[in-house]
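S.K.: Structure incoming, see below.
The values are calculated or read from the model by the stated rules, or taken from the named source; none is laboratory data. Note that the structure is predicted; figures quoted are calculated from it, not measured. Cβ placement follows ideal geometry from the backbone for every residue including glycine, while neighbour counts extend to all protein chains displayed. SASA here: full protein model, heavy atoms, side chains in, ligands and nucleic acids out. Shrake-Rupley method; radii C 1.70, N 1.55, O 1.52, S 1.80 Å.
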Amino acid sequence: MNTNDTEIAWSILQEKGYQRTANISEADVVLVMTCAIREGAEQKIWRKLKHLTTLKRRGPLRKGGTRMKIGILGCMAERLKTQILEKEKLVDIVCGPDAYRDLPRLLAVTNNKQSAVNVLLSLEETYADVMPVRLNEDSVTAYVSIMRGCDNMCSYCIVPFTRGRERSRPIDSILEEVRILSDQGVKEVTLLGQNVNSYRDISESDYYGVPDRSQATTLREGFKTIYKPKSGGRRFADLLDKVSDIDKDMRIRFTAAHPKDFPDEVLHLIKERGNICNQLHLPAQSGNNQVLKAMRRGYTVEAYMNLVGHVRSLLPGVALTSDFICGFCGETEEAHQQSIKLIRDVKYSMVFCFPYSMRQKTQAFHKLEDDVLEDDKKRRHAELAATFRQEAGEFNKTYVGQVHTVLVEGVSKKRRDTLFGRNDAGLAVIFPDSEVLDGNLARQPRPGDYVQIKIEQTTAQTLYGSALKITNLYNTDSDEVLKEIHS
Ligand code: SF4
């Protein structure tokens, strides 16, 4: 999301005539996109700001006698505006996630050697009319933001406070952006939101003929929300239907999906459409019911496992990924073992786990005690990560001998004579950079090509193989390969 926010901010500045440089000594302005989700992310930014202020002090005077300007953007800007501006005196501009349109004005204010701040949160801002300028225009993958903010209020999470209330971007502006990306040769789009399943376009436009599904969200048994179920407008299944129809040779992924409102319509669409990836991010956060209750996640482990079973019954072979927090308030050793068990039971293709760090403003900060020792959090984190690696390592061995369709992203960082790409499940695949058949002719694969790769070796996070031929997502040949993978 921060990558996408950076692209939005950059688009707004480029429109006003700003230019980008990769050489910091040339820069008149340095803007740092920040994240407040965990203490560790904030510490990195403080270190970066100290380094930048040293550069600023030692650097040359700019036109008008000013020095290089430093601005911070994003969630940390909203969270720590006073400390950053007044106490630390490190920056000139503080601009929150809903104020990027104001950046040109904020920069103008600093011309008079004043600091400038705008961290107002909005109920409407979705930057629907801002076409993000991709930071790497050669990339064959792109992010498209479909909504902002979050209403879930999980007790540990600062997002609802730093990014505000949930609001969805109108469908037609999303479709327009995806069309432009397709024209630019982008082959994979990831739709972004804190909880994509609660997407609802309540704008008036029916230009694309999307039906109005006005029913309220129906929750699965064992799931609940703390807010009133939303109704009206066009929902995520409508959006996914339209987006995946734009370019049959463009892969569509989405993240994140809160497990509480996962509709079957979305699962059926994934099954039907060859270009919607057979991969779902279902953040579990914990394998213990007491901890889940304290987190206000709105489900039990049993309900989560029922959902996993249901998803796998409709989408055999689906790759599931997840997030886990280690050492949340009140997490006992037994509760931690239950998280380990959940990872073993589900067999995720990727797990992101983090030691818990308490954030101000959250419900946990006001009502719970951060009572797990830091050493225990670190150990539990290492144990969860090791469990995931062991399970994924074993599971990935079952891929040996299969043929996967891989979107080539570029040269592998590990070995320059190999290429790197991802399969339908989002797993990294590495293969030799040599000529391969494209129809009847042989040629080197290029970024943006889909290549059929025979898997020969695997680790917990990477598959290695050899290229068979260049393909696409819509020919029957490739469909057969996808079916083979999914079965
Ligand atoms: S769903 Fe929960 S964890 Fe995710 S952004 Fe919203 S409040 Fe935070």
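S.K.: Out of the residues in region 140-156 that are open to solvent by 10 Å² or more (accessible area, probe 1.4 Å) and over 16 Å from the mean Cα position of the chain (by Cα), state the one that is farthest from the ligand (Cβ to nearest atom).
M.R.: Ranking the qualifying residues of region 140-156, first place goes to VAL140.
S.K.: Any residue in region 231-248 that is in a strand (DSSP E or B) and at pLDDT 95 or above?
M.R.: Going through region 231-248, the residues in a strand (DSSP E or B) turn out to be 234-235.
Now drop any that are not at pLDDT 95 or above, which leaves none.
No, that holds for no residue.
S.K.: Find all pairs meeting these conditions: Cβ atoms under 6 angstrom apart; at least six residues apart or on different chains; first residue within region 145-157 and of a type in the set (A, V, I, L, M) and assigned to a loop (DSSP other than H, G, I, E, B); second residue open to solvent by 10 Å² or more (accessible area, probe 1.4 Å) and within 9 Å of the ligand (Cβ to nearest atom).
M.R.: Close Cβ pairs (under 6 Å, with a partner that is open to solvent by 10 Å² or more (accessible area, probe 1.4 Å) and within 9 Å of the ligand (Cβ to nearest atom)) amount to MET153/PRO160.
S.K.: Shifting gears a bit: Looking at (1) within 16 Å of the ligand (Cβ to nearest atom); (2) touching a Ser or Thr at 6+ places or on another chain (Cβ under 7 Å); (3) closer than 30 Å to LYS89 by Cβ, which one does ALA116 not meet, given that it meets all the others?
M.R.: (1)
S.K.: State yes or no: is THR387 touching a Cys at 6+ places or on another chain (Cβ under 8 Å), open to solvent by less than 50 Å² (accessible area, probe 1.4 Å), assigned by TED's automatic domain parsing to the domain that holds GLY185 and of a type in the set (S, T, N, Q)?
M.R.: No, not satisfied.
S.K.: Filter region 267-302 for residues that are assigned to a helix (DSSP H, G or I), within 16 Å of the ligand (Cβ to nearest atom) and open to solvent by 20 Å² or more (accessible area, probe 1.4 Å) and give the result.
M.R.: Answer for region 267-302, where residues must be assigned to a helix (DSSP H, G or I), within 16 Å of the ligand (Cβ to nearest atom) and open to solvent by 20 Å² or more (accessible area, probe 1.4 Å): LYS293, ALA294.
S.K.: Report, ordered by the first and then the second residue, all pairs with beta carbons closer than 6 Å, sequence separation of six or more or different chains, a first member in region 242-266 that is away from the ligand (no atom under 16 Å from the Cβ), and a second member that is of a type in the set (Lys, Arg).
M.R.: Pairs found: SER244/ARG273; ILE246/ARG179; MET250/LYS187.
S.K.: Okay, moving on. Please specify each residue of region 223-239 satisfying the condition of being away from the ligand (no atom under 15 Å from the Cβ) and either charged (D, E, K, R) or touching a Phe, Trp or Tyr at 6+ places or on another chain (Cβ under 7 Å) (or both).
M.R.: Within region 223-239, LYS228, ARG234, ARG235, ASP238, LEU239 qualify.
S.K.: Looking at GLU124, GLU42, GLU78, GLU86, which one is within 23 Å of the chain's Cα centre (by Cα) and open to solvent by 20 Å² or more (accessible area, probe 1.4 Å)? Talk me through it step by step, then tell me what you get.
M.R.: Details: GLU42 fails: open to solvent by 20 Å² or more (accessible area, probe 1.4 Å); GLU78 fails: open to solvent by 20 Å² or more (accessible area, probe 1.4 Å); GLU86 fails: within 23 Å of the chain's Cα centre (by Cα).
After ruling out the rest, the residue left standing is GLU124.
S.K.: Please find, within region 158-197, the residue that is surrounded by the most Cβ atoms within 10 Å (Cβ to Cβ) out of those that are of a type in the set (Gly, Ala, Ser) and part of a helix (DSSP H, G or I).
M.R.: Residues of region 158-197 that are of a type in the set (Gly, Ala, Ser), as a first pass: 164, 168, 173, 182, 185, 193.
Checking the rest, the ones that are also part of a helix (DSSP H, G or I) come to 173, 182.
Working: SER173: 20, SER182: 16.
Result: SER173.
S.K.: Keeping to region 242-274, report how many residues are of a type in the set (Lys, Arg), over 16 Å from the mean Cα position of the chain (by Cα) and farther than 13 Å from ARG179 by Cβ.
M.R.: Total meeting the criteria: 4.
S.K.: Would you check if MET305 is crowded, with 20+ Cβ neighbours inside 10 Å and not basic (Lys, Arg)?
M.R.: no
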